[in-house]
Amino acid sequence: MLEQENRYSQYKWNFFYSVFFVALIVFATYSIIKKFNGLPTTINHFDFFLIALATFRVVRLFVYDKVTKFIREPLSTFESGPLKTAYELLICPWCFGVWSAFSLVFFYYYFYQWFWWVILALAISAFGTFLQIVANMIGWKAEGLKLEAESKGSPEKTSGSCGVN
């Protein structure tokens, strides 16, 4: 019974955070409308791509990276309540992705002059992350093929890129 009560209590906090998010969207939309006398309806393709990469980087930074573990770890100890919901939102890449994408788009439009550079830096960092992931995948594949060849007793000697075993 206690578990069911905790679950229903948690549903209340989930609902509260949802209402809070909708309120933020309404406030941000109102702010953008006041600033531009309407909602912007276009974005150039390059900036869209940068915002998408920046969103990827922000999500990866907060959901997975060690550097922000100090934020996630203390929240992981809560069994219920608002901090449990905050933790669940923080470890969910889909949930956090929506929040961060919305935030980046808002700041892109509202503070374009200086925030574009933040988005650019995050996008470049995301591209570097992609390159690192691809390099790791190539390395793992090459290592797997090397081990497979060695286990089959291949007559050819396998060597590193410089010709040394």
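Could you please let me know if LEU104 is assigned to a helix (DSSP H, G or I), at pLDDT 95 or above, farther than 23 Å from SER18 by Cα and in contact with a helix residue (DSSP H, G or I) (Cβ under 7 Å, 6 or more places away or on another chain)? Before you say what the answer is, go through the steps one by one.
Numbers: assigned to a helix (DSSP H, G or I): yes; at pLDDT 95 or above: yes; farther than 23 Å from SER18 by Cα: no; in contact with a helix residue (DSSP H, G or I) (Cβ under 7 Å, 6 or more places away or on another chain): yes.
It is false that LEU104 is assigned to a helix (DSSP H, G or I), at pLDDT 95 or above, farther than 23 Å from SER18 by Cα and in contact with a helix residue (DSSP H, G or I) (Cβ under 7 Å, 6 or more places away or on another chain).
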Looking at segment 1-101, what helices (runs of 4 or more DSSP H) fall wholly within it and have at least 1 residues that are out of contact with any strand residue (DSSP E or B) (no Cβ under 8 Å at 6 or more places or on another chain), modelled with pLDDT under 95 and small (Gly, Ala, Ser)? 2-36, 82-91
Is it the case, given these coordinates, that SER76 is touching a residue at least 24 places away in the same chain (Cβ under 8 Å) and either surrounded by fewer than 17 Cβ atoms within 10 Å (Cβ to Cβ) or in contact with a His (Cβ under 6 Å, 6 or more places away or on another chain) (or both)? no
In segment 70-98, what count of residues is obtained for those that are more than 24 Å from LEU53 (Cα to Cα) and of a type in the set (Val, Ile, Thr)? 2
Here is a list: LEU122, LEU75, LEU89. Which entry is within 12 Å of the chain's Cα centre (by Cα), more than 22 Å from ALA23 (Cα to Cα) and not hydroxyl-bearing (Ser, Thr, Tyr)? LEU122
Contacts under 9 angstrom Cβ, first residue in segment 16-33 being in contact (Cβ under 8 Å) with a residue 40 or more places away in the chain, partner part of a helix (DSSP H, G or I) and β-branched (Val, Ile, Thr), 6 or more apart: PHE16/THR85; TYR17/THR85; PHE21/VAL98; ALA28/VAL105
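The values are calculated or read from the model by the stated rules, or taken from the named source; none is laboratory data. If you're wondering where the values come from, they're calculated on a predicted model, not measured in any experiment. Cβ coordinates were reconstructed from backbone atoms using ideal geometry, including for glycine residues, and neighbour counts include every protein chain displayed.
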